[in-house]
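A.B. asks: Dropping a structure here in structure tokens format, bear with me for questions.
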Amino acid sequence: MSQDSFDRSRCSVAGTLAVVGEKWSLLVLREAFLGVRRFADFQQALGAPKAVLTDRLGTLVAEGVLRREPYQAEGARLRHEYRLTPKGRDLYPTLVALMEWGDRYLADGPPPLALDHRGCGAPVRVALRCDEGHEVAGPRDVHARPGGPAALPG
């Protein structure tokens with residue numbers, strides 16, 4: 001595909017990075033995938049400054065990646081927890097791919113976290129496949145073309 005054959009002003013990579021492309025946003029998502037829901041628990045797990053965490057959670061809620069749900073412990077004030085939306089859960093393969101890359105190229109020793117399938121116990125990995133089920137090894141196995149209505153599966 002030539003350099004000029006698609007509209008970069010509507011680039012999906014750039015749009016995605018505008019939503020989740022900041023370090024703290026990705027770390028918030030990591031924790032959400034590990035089951036963290038409450039502000040104090042995010043802050044404890046991440047060590048993020050309160051203002052930064054507030055901003056990142058607000059952005060992820062505004063973008064529909066997380067939703068705020070009220071809860072109230074007995075005798076305490078109303079608070080909110082943060083839950084993944086379907087849009088947020090769809091980011092899981094992205095986080096797993098980043099983790100795999102880090103494990104391969106940055107880890108000094110065994111990976112710090114392993115992901116196993118609950119159903120059978122086998123290790124989980126990200127695999128790129130075409131709609132016909134063929135594994136795609138990398139960019140040399142892909143032909144890029146301008147997108148359109150038929151470009152995304154329904």
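A.B. asks: Note the angle between two axes, namely the Cα long axis of helix 23-33 and the longest principal axis of the Cα atoms of the chain, as a number of degrees from 0 to 90, rounded to the nearest 10.
C.D. replies: Once rounded, the angle reads 80 degrees.
A.B. asks: With r defined as the distance between the Cβ atoms of Leu26 and Ala122 and R0 fixed at 30 Å, what FRET efficiency is calculated, to the nearest 0.05?
C.D. replies: Efficiency computed from Cβ-Cβ geometry: 0.70.
A.B. asks: Still on this structure, I have one more. Can you tell me the accessible area per residue over the chain, all protein chains present, probe 1.4 angstrom, in square angstrom? Intermediate results must be reported in sequence, preceding the final value.
C.D. replies: On the way: 11470 Å² over 154 residues.
For the chain, the per-residue accessible area is 74 Å².
A.B. asks: Let me know the charge dipole size of the chain about its Cα centre in debye, to the nearest 20, where only the beta-carbon of Lys, Arg (+1) and Asp, Glu (-1) is charged.
C.D. replies: The calculation lands at about 460 debye.
A.B. asks: Largest first, what is the accessible-area ranking of Asp108, Asp55 with a 1.4 Å probe?
C.D. replies: Most to least solvent-accessible, the answer reads Asp108, Asp55.
A.B. asks: Turning to a different aspect of this structure: Using only Cα atoms and rounding to the nearest 10 degrees, what angle (0 to 90) does helix 50-62 make with the longest principal axis of the chain?
C.D. replies: Value to nearest ten degrees: 60.
A.B. asks: May I ask you to list the trypsin sites (Lys or Arg not before Pro) in region 9-101 that are in a DSSP loop and have at most 11 other Cβ atoms within 10 Å of their Cβ?
C.D. replies: Loop-located and lightly packed - Arg77.
A.B. asks: For region 53-117, what % of the accessible area comes from carbon and sulfur atoms, probe 1.4 Å?
C.D. replies: So the carbon and sulfur contribution to the accessible surface is 53 percent.
The values are calculated or read from the model by the stated rules, or taken from the named source; none is laboratory data. These numbers come from a predicted model, not from an experiment. All Cβ positions, glycine included, derive from the backbone under ideal geometry; neighbour counts span all protein chains shown. SASA here: full protein model, heavy atoms, side chains in, ligands and nucleic acids out. Shrake-Rupley method; radii C 1.70, N 1.55, O 1.52, S 1.80 Å.
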